[in-house]
Amino acid sequence: MNKERIEKAVAVAKEAHEGQFRKTGEPYIVHPLAVKKILEEWGMDEDTIIAGILHDTVEDTGLTLDDIRRDFGESVAFLVDGVTKLSTARNGMRDIDTYLPATKDNFLRLMIALGADIRVLIIKLADRLHNLRTLSALPPDKQKKIAKESLEVFAPLADRLNMGLLRVEMADLSFKYVDPKRYAELKELIEKYNKSAEKSLQKIEEEVSKALKKEKIKFKISGRVKSVYSLHKKLAKHNQNINEIYDLTALRVIVDDITDCYLVLGIIHSLYTPMNGRIKDYIAMPKQNGYQSLHTTVITKDKRVVEFQIRTKEMHEYAERGLAASFYYNEQKLTENYKKGKIEHLPTNLLWISELQMTAARLREGKKVDLRKLKINLFADKIFVYTPKGDIIDLPKGALPLDFAYKLHSEIGDHVVGVKINGKMSNLNKKLEQGDIVEILTSKNQTPKQSWLGKIFTSHARSKLLHYLNRENREHHSPEPNPKNPHKSHKV
């Protein structure tokens, strides 16, 4: 990191913003310096940090892109230009209430077209985070508008980038202004619960630590408190019954490697009773945004329900900083692949980033691009449905019972004979709705049918079904000798 180059950018920004003040009454330079600090905390590269320092200069001062290009190079100028254009495009969308799903998708396409480098989005998120931290200086109507936009657009963007710390802070800061009364109620509820659980959790932490030390496993264990906005959303799904929220507090165990993750899981299950259906293996099957961890909910000896999250240091780093961490570690590889037009060697969770940047590159070159064919959708509508035991299953809007069954397990999907939705018999063509309780009925004698392809919505379920059908087709056409007639074959 070239400190002199960064200090030069600070000096240029100070001079450019001279005489400008924020609504807080502070000199304007306080904001770009805060953005600089955030980007440094995220571990971003030198050009991104410099662009963060200068991100408002072209829009708000007499500094030009040519000035930036001359003093800091093409890359920094390109990033500043991207942030400037993105801000201009966003400012044209005056009312957050117009952010209907289609409009949100259009906003994403604007970001793709204007933010040709993914770092433009990261700078924009750092900019928005500091603005939220200082939102109290604005009039109430502007506070609510900016907070609502952040909650509905920028926090989901952070989540799609798996920037966990950012998502939580952004969502809670926003929710505080969107619904201050509810925010205060839930914050008090969390604090009250944590106070009552403090001694018990300390005891559990000591018991687990003792068991892990005995097995000579290197680890770090700490508590994780559910955020206010996350609790708000979860209570809405459970009819405001806090007794059905099992992860209000959790203990997080960080270890050196994946093998230790599973060893720790086994040790925890030997100490406490695991709750049926509450073990989630996001290591073997990462979330769409690349998140990896083992989750398990257990019942302790004193009947307290506690969630454990178990992950490696690398998984934890990615869970906290998400794309910022991935971009930092994969920047050279990303750049090389973009130049070659290749994306197949990148980590799975980064493929959509490659698609975004390659699309933007084609747009810059003046080539025609059908944005409708892009597979990226940060704001894709999701629904959350439940198993009869209360486990939450997330599916895209439009999902059908077979999608639900295959999401649970391919063995369940392969043997579906019927479905109950909210306690009533239904059919496999019925679209699932938000909050539905879905019970899959199975039989060992049932096998998948070709006709099921018309009763499936998700690519995951389709691939599982096609795998079975293709295997059956191969076995069916595989010739076997017939003792009575060697010229005929039959399927056993």
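One residue stands out in the stretch 395-434 among those that are touching a helix residue (DSSP H, G or I) at 6+ places or on another chain (Cβ under 9 Å), part of a loop (DSSP other than H, G, I, E, B) and among the polar types (S, T, N, Q): the one that is farthest from Gln450 (Cα to Cα), namely Gln434. Aliphatic (A, V, I, L, M), closer than 19 Å to Tyr272 by Cα and within 20 Å of the chain's Cα centre (by Cα): does that describe Ala197? Against the criterion (aliphatic (A, V, I, L, M), closer than 19 Å to Tyr272 by Cα and within 20 Å of the chain's Cα centre (by Cα)), Ala197 does not qualify. Within the stretch 268-296, being part of a helix (DSSP H, G or I) and crowded, with 18+ Cβ neighbours inside 10 Å holds for one residue alone: Ile268. Within the stretch 163-194, if we keep just the residues that are closer than 15 Å to Val306 by Cα and not β-branched (Val, Ile, Thr), the residue that is surrounded by the fewest Cβ atoms within 10 Å (Cβ to Cβ) turns out to be Asn194.
On the basis of being surrounded by fewer than 18 Cβ atoms within 10 Å (Cβ to Cβ) and closer than 22 Å to Leu294 by Cβ, does Ser230 make the cut? Criteria not met by Ser230.
Just to be sure I understand, how many residues within the stretch 1-34 are out of contact with any strand residue (DSSP E or B) (no Cβ under 9 Å at 6 or more places or on another chain) and polar (S, T, N, Q)? Qualifying residue count, the stretch 1-34: 2. When Ala9, Ala13 are checked against the criterion of being in a helix (DSSP H, G or I), under 23 Å from Leu135 (Cα atoms) and either not acidic (Asp, Glu) or not assigned by TED's automatic domain parsing to the domain that holds Val120 (or both), a single residue qualifies: Ala13. Would you be able to say whether some residue in the stretch 33-43 is closer than 30 Å to Glu317 by Cα, modelled with pLDDT of 95 or more and in a loop (DSSP other than H, G, I, E, B)? Scanning the stretch 33-43 turns up no residue that is closer than 30 Å to Glu317 by Cα, modelled with pLDDT of 95 or more and in a loop (DSSP other than H, G, I, E, B). If you go through the stretch 174-195 and pick out every residue that is touching a helix residue (DSSP H, G or I) at 6+ places or on another chain (Cβ under 7 Å) and either farther than 16 Å from Lys226 by Cβ or among the β-branched types (Val, Ile, Thr) (or both), you end up with 4. Annotation: Arg128 fulfils all but one of (1) more than 25 Å from the chain's Cα centre (by Cα); (2) modelled with pLDDT of 85 or more; the unmet one is (1).
The values are calculated or read from the model by the stated rules, or taken from the named source; none is laboratory data. What you are looking at is a predicted structure, and each value in this text was computed from that prediction instead of being measured. With ideal geometry, Cβ positions are generated from the backbone for all residues, glycine too; neighbour counts draw on all protein chains shown.
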